[in-house]
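Notes to accompany the following structure.
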């Protein structure tokens with residue numbers, strides 16, 4: 001995997017792009033490349049991260065405007081080719097707004113911006129984004145969001161459940177997400193969107209390493 | 001071409017919880033206004049647009065469906081008024 005490169009998309013207002021790069025390069029020795037949202041050439045990257053932040057100032061709805069960037073346009077073919085895409089926080093919001101993942105992310109139930117470490121249950125092995133430890137696998141990751149309440153209609157929820165697409169659930173639901181959902185995958189499993197920040201849990205000295213596996217899984221084919 | 005003034009109203013679908021609306025409802029009661037049964041927040045977008053009469057609805061539907069509203073969580077309605085005859 002020496003030549004493997006992870007593309008990190010930079011929108012105006014992204015603010016976790018450098019954190020993701022730091023975690024991948026500094027903690028995992030994985031090469032990264034920043035991709036400005038106006039570029040549409042994704043040929044020299046093998047997987048893509050849509051990082052957290054406030055793309056386009058969260059105007060209209062979080063992720064609503066980022067969806068129209070040339071890069072997101074090219075992402076359709078990228079996803080179809082089976083390559084991996086990880087959307088973290090605002091990246092997850094962009095993935096739902098663009099239709100890569102179903103549902104939507106709306107204001108937290110208590111209206112607070114929540115910045116905390118949360119316990120999560122890994123609920124699927126789809127896509128191999130999380131390490132399989134045992135039946136009741138728990139991980140702890142930081143969250144930092146004001147609009148992270150996952151919402152979808154009952155039919156979509158049934159489809160997510162029946163097809164094993166719910167990747168992560170909050171143990172103590174902080175934001176009112178339907179069915180405690182913190183992250184979901186697409187049917188193929190190559191797209192994961194999640195509200196927690198794995199890139200902020202990659203070093204023991206800053207609060208844990210439970211995010212390492214998810215970032216490392218970007219270089220699995 | 002004619003010019004139109006369009007007002008688009010976007011509302012959260014009834015099934016979607018509106019915590020900001022709940023907070024304002026609670027503040028309204030603190031203001032002393034009684035009897036409020038429900039209070040929900042929406043958005044209004046005003047657009048002035050040049051268009052042929054026959055295309056205007058299609059253009060506004062496209063804007064609403066693809067950008068102004070997220071139909072997973074929101075419903076929209078609009079009114080169209082011709083302000084300049086082309």
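The values are calculated or read from the model by the stated rules, or taken from the named source; none is laboratory data. Values in this document were obtained by computation on a predicted structure and should not be read as measured data. All Cβ positions, even for glycine, are placed from backbone atoms using ideal geometry, and neighbour counts span all protein chains on display.
Could you tell me whether segment A:87-103 includes any residue that is surrounded by fewer than 16 Cβ atoms within 10 Å (Cβ to Cβ) and away from chain B (no Cβ under 13 Å)? No, the conditions are met nowhere in segment A:87-103. A Cβ distance below 7 Å, combined with a sequence gap of six or more or placement on separate chains, defines the contacts here; from segment A:93-113, residues that are on the phi > 0 side of the Ramachandran plot reach residues that are surrounded by fewer than 24 Cβ atoms within 10 Å (Cβ to Cβ) and assigned to a loop (DSSP other than H, G, I, E, B) in the pairs A:103/A:152; A:103/B:72.
Quick grid of which residues meet (1) in contact with a helix residue (DSSP H, G or I) (Cβ under 6 Å, 6 or more places away or on another chain); (2) modelled with pLDDT under 95; (3) outside any loop (DSSP other than H, G, I, E, B); (4) over 28 Å from residue A:57 (Cβ atoms):
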{"site": "A:155", "(1), (2), (3), (4)": "no, no, yes, yes"}
{"site": "A:169", "(1), (2), (3), (4)": "yes, no, yes, yes"}
{"site": "A:176", "(1), (2), (3), (4)": "no, no, no, no"}
{"site": "A:188", "(1), (2), (3), (4)": "no, no, no, yes"}
{"site": "A:196", "(1), (2), (3), (4)": "no, no, no, no"}
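Among the residues in segment B:14-29, are any more than 12 Å from the chain's Cα centre (by Cα), in contact (Cβ under 8 Å) with a residue 40 or more places away in the chain and either part of a helix (DSSP H, G or I) or within 14 Å of chain A (Cβ to nearest Cβ) (or both)? Scanning segment B:14-29 turns up at least one residue that is more than 12 Å from the chain's Cα centre (by Cα), in contact (Cβ under 8 Å) with a residue 40 or more places away in the chain and either part of a helix (DSSP H, G or I) or within 14 Å of chain A (Cβ to nearest Cβ) (or both).
The single condition from (1) within 13 Å of chain B (Cβ to nearest Cβ); (2) in contact with a helix residue (DSSP H, G or I) (Cβ under 7 Å, 6 or more places away or on another chain); (3) under 17 Å from residue A:192 (Cβ atoms) that residue A:128 fails is (1). The residues of segment B:35-86 that are free of Cβ contacts under 8 Å to residues at least 12 places away in the same chain and within 14 Å of another protein chain (Cβ to nearest Cβ), listed by number, are B:62, B:65, B:66, B:67, B:70, B:71, B:72.
Residues of segment A:65-78 that are at the interface with chain B (Cβ under 9 Å from one of its Cβ atoms) and under 18 Å from residue A:192 (Cα atoms): A:67 alone. No other residue among A:55, A:81 is surrounded by 22 or more Cβ atoms within 10 Å (Cβ to Cβ), more than 14 Å from chain B (Cβ to nearest Cβ) and either touching a helix residue (DSSP H, G or I) at 6+ places or on another chain (Cβ under 6 Å) or closer than 22 Å to residue A:31 by Cβ (or both) apart from A:55.
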